[in-house]
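As structure tokens, the structure follows; a few thoughts come after it.
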Amino acid sequence: MVGRLALLILFGLMAAQPLSAKPRCTPEREYEPAMCPLVLPPIVHVAVEMNAVKSPLETDPSVDCSELVVTPALIRRYLTRAKQVPSGTSHSQLLWDSCSASGTVLFKDGRSARWSVSRLRVGSLIFDGSPEMTLYCPTCKEKPFVW
Amino acid sequence: MRKFAIERDAMTAVHGIIVHQTNSPTATSTLNGYQRPKANGAHFLIDRDGTIYQTASLYKQTWHAGWLKSRCVLEKRCAPSKFNPIREHKREVVKSAPDRFPSNEDSIGIEIVGEALPRGTAVVDEKKVYESVNDAQNNSLKWLVSGLTTTLGVPLHEIFRHPTISRKNLTEASTAKW
């Protein structure tokens, strides 16, 4: 009985190991940033506040952001699939876009955050009082994203 | 000072110079980042006080240019196609310079310490503005560019701010002067 219990504890510890281990991040590549798993609590509600917003920095009148219209369901899928780009590594590989959508997300643990996404699948997530998290979702291949 | 973690394949020709800003608060934070395995980085780093660090050999490529924009579209020699920066880059990289912009393969990168601000706020990246390049940094940039263009035979019209050649925050290096 004691042996079986010890075995159960051992298996339990092994199963728990990945949770405490260092996150499995992919290394930087020439055209892709390092990416780490994005661990978020379950999402309760997503609100889209602004769609198709053109950056005030954009001076090219031909840039048209009207196609960047996202839904709460799309953002939910985005946040589920996106990876976190470690701070300081995103500068050269991620594409900057002058079109964005933004809003808020409420999590099951009661916390909320502000999100934003661009057409090029680059996003951000900001919890109150925490540094901005840069996100990238290479597997989010659905419109209105461009890939 | 040379940080070999950012050096890649041999660079056999230099066709241009790309001027960047680091989007980091200090030279130290950038230099620390250059020690990560397979880190991206540029050949030179100019600190806030104008100190120039050489961070990679000029005989080696570094990953600093990123995805290329279409040069012929910007120079109005061809018509723009439907917005797709990834396909645009794939069409560009198979061209030879100067039909395309200088790339990782054939350009020197110069980073200037400076951040896109405000940092860590709810302001989306699309609205952040890079801080101005200061006089000490611009003086060093002029001196460095002068030396590089003379030594490597790079014409002045082949020196670009990063957002000119790649889809980057439009204010990056906008106040850099050389």
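The values are calculated or read from the model by the stated rules, or taken from the named source; none is laboratory data. Small disclaimer: the values here were computed from a predicted structure and weren't measured. FYI the Cβ positions are ideal-geometry reconstructions off the backbone, even for glycines, and counts take in every protein chain you see.
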Condition test on A:Ser20, is it crowded, with 16+ Cβ neighbours inside 10 Å and at pLDDT below 95? no
Filtered residues of region A:67-126 (kept if under 19 Å from A:Glu28 (Cβ atoms), away from chain B (no Cβ under 14 Å) and outside any strand (DSSP E or B)): A:Ala82
Quick check on this structure: which one of B:Glu158, B:Glu111 is surrounded by 17 or more Cβ atoms within 10 Å (Cβ to Cβ), within 12 Å of chain A (Cβ to nearest Cβ) and acidic (Asp, Glu)? B:Glu111
Of these, B:Pro98, B:Pro102, which one is more than 30 Å from A:Trp115 (Cα to Cα), within 14 Å of the chain's Cα centre (by Cα), in a loop (DSSP other than H, G, I, E, B) and more than 10 Å from chain A (Cβ to nearest Cβ)? B:Pro102
From the option list B:Ala136, B:Ala79, B:Ala173, B:Ala65, single residue qualifying as at positive phi and either more than 15 Å from the chain's Cα centre (by Cα) or of a type in the set (A, V, I, L, M, F, W, C) (or both) is B:Ala173
Matching entry among B:Thr62, B:Thr12 (being of a type in the set (Val, Ile, Thr) and in contact with a strand residue (DSSP E or B) (Cβ under 7 Å, 6 or more places away or on another chain)): B:Thr62
Looking at region B:161-170, which of its residues are modelled with pLDDT of 95 or more and among the polar types (S, T, N, Q)? B:Thr164, B:Ser166
Can you tell me which of B:Thr28, B:Thr55 is within 14 Å of chain A (Cβ to nearest Cβ), β-branched (Val, Ile, Thr) and touching a Leu at 6+ places or on another chain (Cβ under 6 Å)? B:Thr55
Extreme residue, surrounded by the most Cβ atoms within 10 Å (Cβ to Cβ), among residues of region B:28-62 that are free of Cβ contacts under 8 Å to residues at least 40 places away in the same chain and within 17 Å of the chain's Cα centre (by Cα): B:Asn40
Output the residues belonging to region B:159-178 that are in contact with a His (Cβ under 7 Å, 6 or more places away or on another chain) and not charged (D, E, K, R). B:His162, B:Ala173
Somewhere in region B:132-150, is a residue of a type in the set (D, E, K, R) and within 14 Å of chain A (Cβ to nearest Cβ)? no
Scan region A:127-138 for residues that are among the hydroxyl-bearing types (Ser, Thr, Tyr), surrounded by 13 or more Cβ atoms within 10 Å (Cβ to Cβ) and either assigned to a loop (DSSP other than H, G, I, E, B) or at the interface with another protein chain (Cβ under 9 Å from one of its Cβ atoms) (or both) and jot them down. A:Thr134
In this structure, is A:Leu40 of a type outside the set (Asp, Glu), within 11 Å of another protein chain (Cβ to nearest Cβ), outside any strand (DSSP E or B) and in contact with a helix residue (DSSP H, G or I) (Cβ under 9 Å, 6 or more places away or on another chain)? no
Can you pull out the residues in region B:57-80 that are within 21 Å of B:Leu170 (Cβ to Cβ) and in a loop (DSSP other than H, G, I, E, B)? B:His64, B:Ala65, B:Gly66, B:Trp67, B:Leu68, B:Lys69, B:Ser70, B:Glu75, B:Lys76, B:Pro80
How many of the residues in region A:49-78 are surrounded by fewer than 17 Cβ atoms within 10 Å (Cβ to Cβ), modelled with pLDDT of 95 or more and among the hydrophobic types (A, V, I, L, M, F, W, C)? 4
